[in-house]
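We did not get these values from a lab; they are worked out from the coordinates using the rules stated. Just so you know, these numbers come straight off a predicted model, no measurement behind them. Cβ: placed from backbone, ideal geometry, glycine included. Neighbour counts: every protein chain shown.
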Amino acid sequence: MTRGRFVTLEGGEGVGKSTQIRALAAAIEVRGIEVVATREPGGSTGAEAIRTLLMEGSDDRWDARSEALLFAAARADHVARTIRPALARGAWVLCDRFVDSSRAYQGGGGGLTDADILTLHGVGSEGLLPNRTFLLTVSPAEAARRLAARGGSDRMGSKPADYQARLAARFIEMARAEPDRWQIVDADAPAEQVTAAILEGLAEWL
C-alpha cells in the first residue's frame, strides 16, 4: 500500500509556491499517486473562513499573538479534516505553507518565541510536521516583479521591509537547523528548473 507523504513549500511573497504546487501535483499524479494540493491558511471549510479574517484588511488589523492564534485554529481544522485523512489513505499532500510560516511570520517577523508557536501547534495539530519542506528563495527584485505582475500583495505581504527582512532570515535559519527535512531551492530560476529540483528532492519516495 502506498504510504502517504506530506510535502510543504515555504518562502516569502512572490517566490512561486502556488505555481510549483500545481506543477508538482501534475508530475506526481502521472506516477499513479493520489495528490491533495492544499494551502494555508485554508484547505478546509473552517480554515477558509478564518483565512478571510487573516488575509484581508489593514496591516495592523491583528497583532502577532492574535495572528498566531488564528493561524493555529485554522491549521487545526485543516489537519483534522484534510491532511490527516489524506495521508491515512496513502495520498500525498502538497501544501502551500504550514506551521513553518507561523514560525517565520509571527516568530521571526512578529517577535513571538518559537516555543510559543510550537506549543500552539502541539495543542491544535498534535505536532504534525511535513516529511519534507522546500524553501523557495528569490531576489527582492524578482519577488517585487512577480508581485506587481499578479496585482500586488495581500495583508501579510504588505508588511514593511524590516519585517520582510526578519522573515527571510528566519526561514533560512530554520532550513539550516533541520537539513534532513528542509531543502533550499533557488526560485529565481525558470519555473521548470525549480520543479525539476523539487522532484529531485523527492526522488527517494517516487
Collect residues whose amide H, placed 1.01 Å from N in the peptide plane, falls under 5 Å from the amide H of G43; neighbours closer than 5 in sequence don't count. E48
Once you place label points 7 Å from the Cα toward the Cβ at E200 and E56, how far apart are they in nm? 4.3
What list of ³J(HN,Hα) couplings, whole Hz, do you get for region 117-125 from phi and the Karplus terms 6.51, -1.76, 1.60, once you set θ to phi - 60° and write x for glycine and proline? 5, 6, 5, 4, 5, x, 6, x, 10
Could you give the length gained on full extension between D180 and T113, defined as 0.36 nm per residue of separation minus the Cα-Cα distance, in nm? 21.9 nm
DSSP beta bridges in region 5-205: the antiparallel percent, rounded to 5, is 0
Using the Karplus curve 6.51 cos²θ - 1.76 cosθ + 1.60 with θ = phi - 60°, what ³J(HN,Hα) values do you get for each residue of region 102-109, in whole Hz, with x for Gly and Pro? 5, 4, 7, 6, 7, x, x, x
What whole number of Å gives the distance from the Cα centroid of region 98-119 to the Cα centroid of region 1-53? 20
Estimated vicinal HN-Hα couplings, Hz - region 191-200 in sequence order (Karplus 6.51, -1.76, 1.60; Gly, Pro = x): 4, 5, 5, 5, 4, 4, 5, 5, 4, 4
Summing +1 per Lys or Arg and -1 per Asp or Glu among the other residues with Cβ less than 13 Å from T133's Cβ gives +1
Long-range amide H partners of V36 with built H, under 5 Å: W92, V93, L94
Dipole in debye (nearest 20) - the chain, about Cα centre, beta carbon charges: Lys, Arg +1; Asp, Glu -1: 400
Sequence-separation-based contact order of region 6-156, relative, with Cα cut under 8 Å and 6+ spacing, percent: 41
What FRET efficiency comes out for the pair A189/V123, r = Cβ-Cβ distance, R0 = 45 Å, nearest 0.05? 0.70
Of the listed values [x] 18.2; [y] 17.2; [z] 17.8, identify the label whose number matches Kirkwood radius over Cα pairs in Å calculated from this model. [y]
Summing -39500 (n - 2.57) over the DSSP H runs of n ≥ 4 in the chain and dividing by its residue number, what mean residue ellipticity at 222 nm do you reach, to the nearest 500 deg cm²/dmol? -14500 deg cm²/dmol
